[in-house]
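The numbers here are math on the coordinates, done by the rules we state, and not lab data. Remember, it's a predicted structure, so these values are computed and weren't measured experimentally. Here the Cβ is made from the backbone with ideal geometry for all residues, glycine too, and neighbour counts use every protein chain on show.
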Amino acid sequence: AGILFNNAAGDPGNVIIPSVVRGRNYLVAISTLGKSPAVSRYIRMQLEAGYADLDLMIDLQDEMRSMLKDIEPAQERRSRALWGILQDEEIWGMLASDYDRARAMAMERYLHG
């Protein structure tokens, strides 16, 4: 760790700038430790394309987690319900088009079962 400065002599430095994926609810930094910036960028692009609705899922998880804390005393069951929601492709598919319906489906499948 040191202080960043402008090296006018042109000597190579060791500053590594990671590729970053940022949403309303998350931040993911990707680095190949300077070995392949192209791979960092590729991973960033894959995450952005494959998880376009990640912010909505985080919102849903936050809501469901709060509800579960009120109705389910067993942490293991709460965790199982949240993982179920996270792995439910139908809920993922519905998030962007109808968040309220996705929430209702999550509640029906994982909070009242």
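Here are the numbers for the structure shown:
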item	result
Mean residue ellipticity (222 nm) of the chain, computed from DSSP H runs ≥ 4 via -39,500 (n - 2.57), nearest 500	-16500 deg cm²/dmol
Acute angle (nearest 10 degrees) that the helix 75-87 long axis makes with the longest principal axis of the chain, alpha-carbon atoms	70
Within a Gaussian network of the chain (alpha carbon springs, distance under 10 Å), most fluctuating of Ala102, Ala81, Ala29	Ala29
With at most 14 other Cβ atoms within 10 Å, longest stretch of the chain clear of loop trypsin sites (Lys or Arg not before Pro) (DSSP)	36-113
Calculated Cα Rg over 2.2 N^0.38 Å (choose from (1) 1.07; (2) 1.67; (3) 1.52), label	(3)
Extension gain, Ala29 back to Ala74 (0.36 nm per residue minus Cα-Cα distance, nm)	12.9 nm
